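J.: The structure under discussion is supplied below as structure tokens; questions concerning it will follow.
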Amino acid sequence: MFYWSKLYSSNIKKGQNYEVLPKVITINILNFNYYDEKWIHLFFTPTADVDSNLKMNELEVHFIQLLAFRKKHDKNFKTHDLERWLTFLTQSVNKEELEEIVAMDQEILKAYEEIKHLLSDEEVLAVAEAREKQFLDYNSAMINAEARGVQQNKLENAKALLDVLEDEVIAEKIGLELEIVQELRKNMELKK
């Protein structure tokens with residue numbers, strides 16, 4: 001909605017009539033399932049709460065879930081336009097099938113040619129590699145932060161149980177090494 005609203009509001013200048021605003025369509029291609037994985041393509045447009053037939057035609061929001069598409073068994077890029085595009089985007093076919101897809105659709109051919117052109121540009125490749133590195137670094141940092149949070153949570157839970165349970169039971173139930181629980185108990189006793 002954020003990107004849609006920015007696109008929508010950027011199309012009007014001070015003093016213009018709202019009627020000049022064009023329809024804005026956003027297509028969100030997700031590499032995860034935000035909605036149920038049985039849905040590959042979801043389409044939203046605002047409707048009135050009193051009558052679902054009253055729609056706001058200036059807004060369309062599409063979500064395409066690549067993971068749901070990858071899990072689909074009966075893909076048919078030959079007769080289904082969206083599946084043709086998603087097959088092209090996910091590169092989930094061999095070289096011959098890719099060539100067939102490109103030959104079937106002029107828009108995909110344009111995209112394919114543009115990608116080939118971009119891949120031959122060293123500056124574009126350097127930017128893409130830097131972006132990929134940034135993405136991988138971010139994901140790695142998030143995974144590490146989550147692991148530290150889980151470990152911290154285990155330690156806090158173990159500390160809370162030191163007064164009521166034996167070290168072996170705490171270690172088993174919390175999922176910590178016995179030596180760690182014993183060290184926590186030792187530190188707690190030193191603070192008394």
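J.: How much mean residue ellipticity at 222 nm does the chain get from its helices, if each DSSP H run of length 4 or more adds -39500 (n - 2.57) and you divide by all residues, to the nearest 500 deg cm²/dmol? Don't skip to the answer; put the middle values down first.
T.: Details: 8 runs with 110 residues, N = 192.
About -18500 deg cm²/dmol.
J.: Rounded, prolate or oblate: which fits the stretch 71-163, taking a ≥ b ≥ c as square roots of the Cα gyration tensor eigenvalues, rounded meaning a/c under 1.5, else prolate when a/b beats b/c?
T.: Here the stretch 71-163 falls in the oblate category.
J.: Round to the nearest 0.05 the FRET efficiency obtained for residue 140 and residue 51 when R0 = 45 Å and r is the Cβ-Cβ distance.
T.: For residue 140 and residue 51, the calculated efficiency is 0.35.
J.: Give the total of Lys-Lys pairs in the stretch 1-126 with Cα-Cα distances below 24 Å; include a pair only if its members are 8 or more places apart or on different chains.
T.: Step by step, the pairs that qualify in the stretch 1-126 add up to 19.
J.: Among 183-189, 155-161, 9-15, how do they line up by average Cβ neighbours within 10 Å per residue, starting with the highest?
T.: Details: 183-189: 13.0, 155-161: 15.3, 9-15: 8.9.
Ranking the peptides 183-189, 155-161, 9-15 by packing returns 155-161, 183-189, 9-15.
J.: Please give the helix 122-161 orientation as an angle from the longest Cα principal axis of the chain, in degrees from 0 to 90, rounded to the nearest 10.
T.: 30 degrees
J.: Between residue 151 and residue 74, with labels modelled 7 Å along Cα→Cβ, what's the label distance in nm to one decimal, could you check?
T.: Placing both labels 7 Å along Cα→Cβ, they lie 4.9 nm apart.
J.: By how many degrees, between 0 and 90 and to the nearest 10, does the Cα long axis of helix 178-191 differ from the longest principal axis of the chain?
T.: Between helix and principal axis, roughly 60 degrees.
J.: Identify the trypsin sites (Lys or Arg not before Pro) of the stretch 47-92 meeting these criteria: DSSP loop state and at most 12 other C-beta atoms within 10 Å of the C-beta.
T.: 78
J.: Tilt of helix 81-90 relative to the longest C-alpha principal axis of the chain, in degrees (0 to 90, nearest 10)?
T.: The helix 81-90 is inclined about 50 degrees to the chain.
J.: Mind running the shape call on the stretch 46-92? Use the C-alpha gyration tensor, a ≥ b ≥ c as the square roots of the eigenvalues: rounded below 1.5 for a/c, prolate if a/b tops b/c, oblate otherwise.
T.: prolate
J.: What translational diffusion coefficient, in µm²/s and rounded to a whole number, does the Stokes-Einstein relation yield for the stretch 35-192 at 4 °C and a viscosity of 1.567 mPa s, taking the hydrodynamic radius as the Kirkwood radius over Cα pairs? All intermediate terms of the calculation are to be shown ahead of the outcome.
T.: Working: Rh = 21.7 Å.
Once the numbers are plugged in, D ends up at 60 µm²/s.
J.: Can you list the HN-Hα couplings for the stretch 18-26, worked out from phi with the Karplus curve (6.51, -1.76, 1.60; θ = phi - 60°), rounded to whole Hz and with x for Gly and Pro?
T.: In residue order, the calculated couplings are 4, 5, 7, 5, x, 5, 10, 10, 10 Hz.
J.: Moving to a separate point now. What translational diffusion coefficient, to the nearest whole µm²/s, does the stretch 1-118 have by Stokes-Einstein, given a Kirkwood radius computed over alpha-carbon pairs, a temperature of 37 °C and 0.692 mPa s viscosity? Please list the in-between numbers first.
T.: Values: Rh = 16.8 Å.
It comes out at roughly 196 µm²/s.
J.: First select every other residue whose beta carbon is under 12 angstrom from the beta carbon of residue 7; then total the charges, Lys and Arg +1, Asp and Glu -1.
T.: Summing Lys/Arg as +1 and Asp/Glu as -1 gives 0.
Computed from the coordinates by the stated procedures, all read-outs in this text should not be read as laboratory data. These figures come from a predicted structure and were not determined experimentally. Here Cβ is always computed from backbone atoms with ideal geometry, including for glycine, and neighbour counts include all displayed protein chains.
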